[in-house]
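A short write-up of the structure that comes next.
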Amino acid sequence: MTGPVLVLAGGLSHERDVSLRSGRRVAEALRDAGLEVEVRDVDATLLDRLASDRPACVVPLLHGESGEDGAIRSVLELVGVPYVGARPDACRVAFDKPVAKTVVGRAGIRTPAGFTLPAETFRELGATAVMERLVDSLGLPLFVKPARGGSALGAALVRTAADLPSAMVGAFAYGDTALVEQFVAGTEVAVPVVDDGSGPRALPVVSITPDGGVYDYTARYTAGSTEFQVPAKLDDAVAEECARVAVAAHTALGLRDLSRSDLIVDDDGQVWFLEVNVAPGLTETSTVPLSVQAAGLDLGELVAELVGGATAR
Amino acid sequence: MADGPDRPAGVTRSSTRLDNYVDRYAARTRGMTASEIRALFAVASRPEVVSLAGGMPNISGLPLDVVGGAIDELVRTNGPTAMQYGSGQGDPVLREQICEVMRLEGIEAHPDDVVVTVGSQQAVDLVTRIFCDPGDVVLCEAPSYVGALGVFRAYECDVVHVEMDGDGLVPSALEQAIASVQASGRRIKFLYTIPNFHNPAGVTLAPERRQEVLRICREADVLIMEDNPYGLLGFDGEPPRAMRADEAERVIYLGSFSKTFAPGFRVGWVLAPHAVREKLVLAQESATLCPPSFSQMAVSSYLRSHDWQGQVKQFREMYRERRDAMVEALDDMMPATARWNVPDGGFYVWLTLPPGLDAKAMLPRAVTARVAYVPGTAFFSDGFGSQSMRLSYCYPSPERIREGVRRLVGVIEEEMELRQTFGALPSGSTPAPPSAERGYESPNSDLS
């Protein structure tokens, strides 16, 4: 492999801060694994730098818009630089939560019932009437989130109909379209899937128990405010089902290298798919590094392996 | 129970909070958490974003050759002293110069009563450290400086806000607040006030009110912490007369070179009555041993070798031009139901949104539109301020300010449409409930 590995982190999405943290951690891990690494933000100089620096491979750790919606990866395809992770077309599908749910649902995976509605629809039809129908159809509680985006930004648990309008406004602050889902009570789990060339496989399931009950932005990025258990304390069959669902979602969406599926195990032990991340967080408080460690792997070596695979494609 | 998929033999299940120290922190760190607002401000640092959030002084006009020459001379002629520990109270020569600076605001002081600090932010910290026990009451304007609120929270003070209007602190509201606190059996340690070109409200305490505030505090036996970083940055006439100029025993005065010279040196000061000064020096020594000698001597050298008042005049003109650009843009573009003040100096405009809007909830939309501001709730300790925001005009060019306001207006119009769609919401039209977590929600230090 000639040339450095270029870690892209930052960007202009709402998740810039998280991305910078992921980038720092992965860069350090890759250096520990013996690779030459550069970290770069995405700006107007990127194309020139790609041409002049000729990185051996890019690790795009941009979260949110542009990073996970396939845009930057299209650019990398355009300039012919290898990169770790899913192709742009797969990213576009996976990043859009309602579309990903549809694809995953067609593969026979259970996902919460929900409706996807742009703000414009509420304006045209009258918000009160639409929200009444949503509550009638889906019941309570509900979970509202922006159709695109991560880190639980703009997401809210709605326990009463009176809370729904502010949850909708909160979601629309982050994007024009919102996903309103039935809330599934249970254990929230994260399941990384890696494919180092021998086919996708799930890493140990991580269960997530935030102190405040909701795994929101604060619970995600404040060390100490959430308890993680890895491997999750689940029945054998349930843990296997979580792994199967995560691999099936990864496969159905056409992802490659690394993904993380967020699932709920309900009180009956049934597994529900919530969403998938094509550039999962790799910060000090993220679940993927925990799972990697529990699998007996080293984060730097794992990403280095993925880099090796990407350059050989 | 299962081992889960891909679990190697010998790997045991573990439970972690990803913080090995989680049960050891002091209770006062409880509010030190990650927040969405802080995350959004990470985007504000990008050049694509017009940041009307940051309170960074615009020091592009500083004569860097003069500063460089002064520092070069300092190293050549006085290097070993400049790079050595110094007095806990601060460099004596600089303290004399500080007294000359304060004379411009009517203060007659002796250098012995000045303690140099690491920016006036450390002065707020030291004064609070020596006066406040947990539960003591500090009176603050409504709104108040976010950095001071963070200090008061760190010392577990109980902040009570006092109403302001276009002429600054409202004396009758101050009297009521004092009476109310005293009736509750709690002790007021001091009134924290920024009388000139207030951060974030942009208003200035009217001259007649200064005397009234002094009288009220004298009668109620309340000390005053007069924080005055912007006093020399007025756009019209002479600098306002400091409250300390008329009351030496009750007023602890805080000053700073961050806005009149450069914030990177981190040099501020506190002027206090003799007994208080003694304690401040001891507190300073326990905090830092001494303020940085190099920075103090560099500032001293600059003051001695350069027409620093001429430089401040240039700063004033630059900030006036930016103030005019912002106010003109607001006049031209803002919806009629928004309100804002026209500051006579300093860095900030305080804008109140049309009814029903929530500045904090709207911030993600603003960041998407590539404009940033500081939501008003950052400047209250009690959850108020949701309908307001601080707009800073000190740093961007007039053209960028206009562009920023244009973007902001687009965001407000979209948000108004959305709010109209969903009807009145509890958070926009009424204050959010008090939250114990709010004190540290403030954005980065460069936004303070």
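Any read-out appearing in this document is the output of simple, stated calculations on the displayed coordinates, not a laboratory observation. Remember, predicted model here, so these are calculated numbers, not experimental data. Backbone-built Cβ (ideal geometry, glycine too); neighbour counts: all protein chains shown.
Seen from a random direction on average, the alpha-carbon convex hull of region A:128-278 projects onto 9.8 square nanometres.
Cα centroid separation, region B:43-81 to region B:341-409: 26 Å. By the count of neighbouring beta-carbon atoms within 10 Å, fewest first, B:Ser300, A:Ser137 end up ordered A:Ser137, B:Ser300. Tell me, what does the Kirkwood hydrodynamic radius of region A:239-313 come to in angstroms if you use every pair of distinct C-alpha atoms? Taking the inverse mean of 1/r over all distinct Cα pairs, region A:239-313 comes out at 13.6 Å. Under a Gaussian network description of chain A, with springs only between Cα atoms under 10 Å, the residue in A:Glu181, A:Glu68, A:Glu240 that fluctuates furthest is A:Glu240. Spatially, region B:251-300 and region A:159-228 are offset by 47 Å when compared through their Cα centroids. Candidate cross-link partners of B:Lys279 among the aspartates and glutamates, defined by an alpha-carbon separation under 14 Å and a same-chain spacing of 8 or more, comprise B:Asp112, B:Asp113, B:Asp125. Our coupling estimate for region A:70-84, obtained by passing each phi through the Karplus curve with A = 6.51, B = -1.76, C = 1.60 and θ = phi - 60°, is x, 4, 5, 5, 4, 5, 5, 4, 4, 8, x, 9, x, 8, 8 Hz, Gly and Pro reported as x.
Evaluated with a Cβ-only charge set (Lys, Arg +1; Asp, Glu -1), the protein assembly as shown carries a dipole of roughly 460 debye about its Cα centre, given to the nearest 20.
Sorted from fewest to most neighbouring beta carbons within 10 Å, what does the list B:His306, B:His198, B:His110 look like? Provide the component values of the computation, followed by the final result.
Numbers: B:His306 17, B:His198 27, B:His110 12.
The fewest-first ordering by Cβ neighbours comes to B:His110, B:His306, B:His198.
Bridgeable aspartates and glutamates around A:Lys233 (alpha carbons under 15 Å apart, same-chain partners fewer than 8 residues away excluded): A:Glu188, A:Glu241, A:Asp266, A:Asp267, A:Asp268, B:Asp3, B:Asp6. Annotation: Cα Rg of region A:55-150 relative to the compact-globule expectation 2.2 N^0.38 Å equals 1.40.
Among A:Glu305, B:Glu156, a tally of other beta-carbon atoms within 10 Å of each Cβ gives an order, fewest to most, of B:Glu156, A:Glu305. Please find, in a Gaussian network model of chain B (springs between Cα atoms separated by less than 10 Å), the residue of B:Val374, B:Val159, B:Val67 whose mean-square fluctuation is greatest. Fluctuation is largest for B:Val67. Using the rule -39500 (n - 2.57) for each DSSP H run of four or more residues, divided by the residues of chain B, the 222 nm mean residue ellipticity is -13000 deg cm²/dmol. The H on the amide N of B:Leu223, modeled in the peptide plane, is under 5 Å from the matching H of B:Leu191, each at least 5 residues off or on a different chain.
The Cα atoms of chain A cover 60, 45, 37 Å along the three principal axes, with the biggest extent listed first. When you restrict to C-alpha pairs under 8 Å that are six or more residues apart and normalise by the size of region B:66-206, the relative contact order lands at 19 percent. Both the radius of gyration and Dmax for region B:64-305 are 18.0, 61 Å, in that order, over alpha-carbon atoms. Each residue of region B:189-195 was assigned a 3J(HN,Hα) from its phi angle through the Karplus expression (A = 6.51, B = -1.76, C = 1.60, θ = phi - 60°), giving 8, 6, 9, 9, 9, 10, x Hz with x at Gly and Pro.
Axis angle, to the nearest 10 degrees, between helix A:299-311 and the longest C-alpha principal axis of chain A: 70 degrees. Under the convention that each Lys and Arg Cβ holds +1 and each Asp and Glu Cβ holds -1, the size of the dipole of chain A around its Cα centre is about 480 debye. Length, then width, then depth: along the principal axes, the Cα atoms of region A:114-182 run 28, 25, 18 Å.
When a/c is below 1.5 the answer is rounded, else prolate if a/b is larger than b/c, else oblate, so apply that to region B:189-275 with a ≥ b ≥ c taken from the square roots of the Cα gyration tensor eigenvalues.
On the way: a/c = 2.07, a/b = 1.32, b/c = 1.57.
Oblate shape, in that a/c is at least 1.5 and b/c is the bigger or equal ratio.
Considering every alpha-carbon pair of region B:10-139, the percent of pairs per 10 Å bin, from zero through the bin containing the longest distance, is 8, 17, 27, 25, 16, 4, 2, 0. Mean-square fluctuations from a GNM of chain A, with a 10 angstrom spring cutoff on Cα atoms, peak among A:Leu234, A:Leu78, A:Leu302 at A:Leu78.
Over the C-alpha trace of chain B, radius of gyration and Dmax come out as 23.3, 79 angstrom.
For A:Lys97, the lysines whose Cα comes closer than 22 Å to its Cα, not counting residues fewer than 8 places off in the same chain, are A:Lys145.
Relative to the longest principal axis of the Cα atoms of chain A, the long axis of helix A:16-32 makes an angle of roughly 40 degrees. Simple point charges give the picture: +1 on the Cβ of Lys and Arg, -1 on the Cβ of Asp and Glu, and for chain B a dipole about the Cα centre of about 940 debye. Hydrodynamic analysis of region A:5-85 uses the Kirkwood radius over alpha carbon pairs. Inserted into Stokes-Einstein at 25 °C and 0.890 mPa s, it gives a translational diffusion coefficient of 197 µm²/s. Please work out, to two decimal places, the log10 of the ratio I(q)/I(0) at q = 0.05 Å⁻¹ from a Debye calculation in which every Cα of the protein assembly as shown carries one identical scatterer. Each listed q corresponds, in turn, to -0.29. I'd like the distance separating the alpha-carbon centroids of region A:1-46 and region B:111-155, in whole Å. Rounded to whole Å, the Cα centres lie 40 Å apart.
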